[in-house]
Amino acid sequence: MFSWKQPQTRPIIVAHRGASAVAPENTLAAFSRAIDAGADAIELDVRLTRDGEIVVFHDSHLQRTTNGRGKVEEHSLADLRRLSAGAWFHRSFSSEMIPTLEEVLELLRGRTGLNIEIKTIPLRRNRIGIVERCSSMIQQYHAESYVLVSSFHHQHVNLTKRILPVVMTGILIHPLKHIGRSAFQAAHKEKADFIILGGGALRKNVVGKAHERRLEVGEFTVNTRRRFERALRYNVDAIFTDDPGRMIRLRSEMK
Ligand code: G3P
Ligand code: MG
């Protein structure tokens, strides 16, 4: 079983929103294809519904990737389940629904690692809700070793570590929001294990300094040979890619 603490190979190849180059992002179809491609882990985004369920969805609004409108958090799970989350990508995926986190944990059962990225904004109303719910689901599925919890909202990361100290966590570095703040200071403050950043912000010395501080580094989104080779040269620990099959082939070519 995959373990974020002791992966068998590096860089860890993480399927970004599933195998989102070949199937609609954040659907069971994309996750199944990522498993078939041999991805080490799958990254997905989670949000709360109006009735407090955890769904797998990237945007705050439904328009781009479903046939619905409005905000995810303003709809009940039952309403959301009536939408197609795949037709926008290709008609052959029309029957894909917005998955719940529980469905994905059922599908994976530890066959690959999982990175749960918490998107919900930590407002007073739901701040405790989403982290506590994710944490109890991780416990229910005995998924502590193969789940990594991450967020651009660093207080979610801090709270996860307080509830489940054994679970690995990562802070996401936003190029605009976190500019001028030291990623290392933030990681230390939130007790995170990973810093995860976009390729535009990545420098070799950042990786070196992170490793000196026993921090691991993840880079998104790595979809080309050039970017993959750079990640190898820089000793990046995990890459997030829309095309895990291609990156797995590149990694085995280069060993
Ligand atoms: O976790 C890496 C990446 O998923 C963060 O950006 O917008 O694709 O969720 P985004
Ligand atoms: Mg994400």
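The values are calculated or read from the model by the stated rules, or taken from the named source; none is laboratory data. The shown structure was predicted, so the numbers you read here are calculated from the model rather than taken from an experiment. Neighbour counts are summed over all protein chains in view; Cβ atoms, including those assigned to glycine, are modelled from backbone coordinates with ideal geometry. The protein model used for the area step is the full one, side chains on, heavy atoms only, and it has no ligands, DNA or RNA in it. Shrake-Rupley method; radii C 1.70, N 1.55, O 1.52, S 1.80 Å.
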(request) Report yes if ARG47 is open to solvent by 10 Å² or more (accessible area, probe 1.4 Å) and under 20 Å from SER135 (Cβ atoms), otherwise no. (result) yes
(message) Looking at ARG91, ARG109 in this structure, which one is open to solvent by 10 Å² or more (accessible area, probe 1.4 Å) and either within 16 Å of ligand 1 (Cβ to nearest atom) or farther than 25 Å from HIS142 by Cβ (or both)?
(response) ARG91
(request) With the checklist (1) touching a His at 6+ places or on another chain (Cβ under 8 Å); (2) open to solvent by less than 20 Å² (accessible area, probe 1.4 Å) in hand, flag the one item ARG17 doesn't pass. (result) (2)
(request) Among the residues of the range 112-138, write down those that are modelled with pLDDT under 95 and closer than 20 Å to GLY18 by Cα. (result) THR120
(message) Take the conditions surrounded by fewer than 14 Cβ atoms within 10 Å (Cβ to Cβ) and within 16 Å of ligand 2 (Cβ to nearest atom) and apply them to PRO175. Does it pass?
(response) yes
(request) State the number of residues belonging to the range 71-125 that are closer than 13 Å to THR49 by Cβ, over 17 Å from the mean Cα position of the chain (by Cα) and of a type in the set (Asp, Glu). (result) 3
(request) Just give me the residues in the range 2-14 being within 24 Å of LEU250 (Cβ to Cβ) and either away from ligand 1 (no atom under 16 Å from the Cβ) or open to solvent by 40 Å² or more (accessible area, probe 1.4 Å) (or both), in sequence order. (result) PHE2, SER3, GLN6, PRO7, GLN8, THR9, ARG10
(request) Could you list, in sequence order, all residues of the range 213-229 that are within 19 Å of the chain's Cα centre (by Cα) and either part of a loop (DSSP other than H, G, I, E, B) or at positive phi (or both)? (result) LEU215, THR221, VAL222, ASN223
(message) For the list (1) part of a helix (DSSP H, G or I); (2) within 16 Å of ligand 2 (Cβ to nearest atom); (3) over 24 Å from SER60 (Cβ atoms), I need the number of the one condition that ILE239 fails.
(response) (1)
(message) Cβ contacts < 9 Å: first residue open to solvent by 30 Å² or more (accessible area, probe 1.4 Å), restricted to the range 127-150; second residue in a loop (DSSP other than H, G, I, E, B) and acidic (Asp, Glu), any location; separation 6+ or different chain. Result?
(response) ARG133/GLU53
(request) Filter the range 178-196 for residues that are in contact with a helix residue (DSSP H, G or I) (Cβ under 9 Å, 6 or more places away or on another chain), at pLDDT 95 or above and open to solvent by less than 90 Å² (accessible area, probe 1.4 Å) and give the result. (result) ALA187, GLU190, ALA192, ASP193, PHE194, ILE195
(request) Evaluate the range 24-33: report whether one residue or more is more than 16 Å from ligand 1 (Cβ to nearest atom), in contact (Cβ under 8 Å) with a residue 12 or more places away in the chain and under 23 Å from GLU219 (Cα atoms). (result) yes
(request) Out of ASP51, ASP45, ASP36, report the one residue that is among the charged types (D, E, K, R), away from ligand 1 (no atom under 16 Å from the Cβ) and not in a helix (DSSP H, G or I). (result) ASP51
(request) Would you point out the residue of the range 145-157, among those that are more than 16 Å from GLU102 (Cβ to Cβ) and part of a loop (DSSP other than H, G, I, E, B), that is nearest to ligand 1 (Cβ to nearest atom)? (result) PHE152
